[in-house]
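The values are calculated or read from the model by the stated rules, or taken from the named source; none is laboratory data. No experiment lies behind these values; they were computed from the predicted model shown. We place every Cβ from the backbone using ideal geometry, glycine too, and count neighbours over all the protein chains shown.
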Amino acid sequence: MGLSEKKRALLADFVDNLCEQCHKHEKEIGKLHPHRLKRGWEGGTYEHRNLKMVCTSCHKQYHANEFPRVRNK
């Protein structure tokens, strides 16, 4: 189960609407997405301490680097 839009917006406000990776503002890059630091299949939740708010581009980079063996098959 993901995050509600209300909670996503609150988390984005908490980080001043800046991507925590590239530091660009939501106005430039679109909505920020919650990235779980501990993956869901490892028991990671959408609690604030397990999230990093990132833009679409940075989120894709996290996942591309997170599963390199799967992508290279």
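Which one is nearest to Lys7 (Cα to Cα) among residues in the stretch 25-61 that are of a type in the set (Ser, Thr, Tyr) and at pLDDT 85 or above?
Within the stretch 25-61, the subset of a type in the set (Ser, Thr, Tyr) is 45-46, 56-57.
Now restrict to residues that are at pLDDT 85 or above: 56-57.
Working: Thr56: 18, Ser57: 21 Å.
Among residues in the stretch 25-61 that are of a type in the set (Ser, Thr, Tyr) and at pLDDT 85 or above, the one nearest to Lys7 (Cα to Cα) is Thr56.
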*Output the number of residues of the stretch 30-58 satisfying the condition of being basic (Lys, Arg), in a strand (DSSP E or B) and either touching a Pro at 6+ places or on another chain (Cβ under 8 Å) or closer than 15 Å to Val15 by Cα (or both).*
1
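Could you tell me how many of the residues in the stretch 62-73 are assigned to a loop (DSSP other than H, G, I, E, B) and at pLDDT 55 or above? Let's see the steps before the verdict.
Filtering the stretch 62-73 down to residues assigned to a loop (DSSP other than H, G, I, E, B) leaves 67, 72-73.
Now drop any that are not at pLDDT 55 or above, which leaves none.
Counting residues in the stretch 62-73 that are assigned to a loop (DSSP other than H, G, I, E, B) and at pLDDT 55 or above gives 0.
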*Could you give me the residue pairs with C-beta distances under 6 Å whose first residue belongs to the stretch 19-39 and is basic (Lys, Arg), whose second residue is part of a loop (DSSP other than H, G, I, E, B) wherever it lies, and which are 6+ apart or on separate chains?*
Arg36/Gly44; Lys38/Gly44
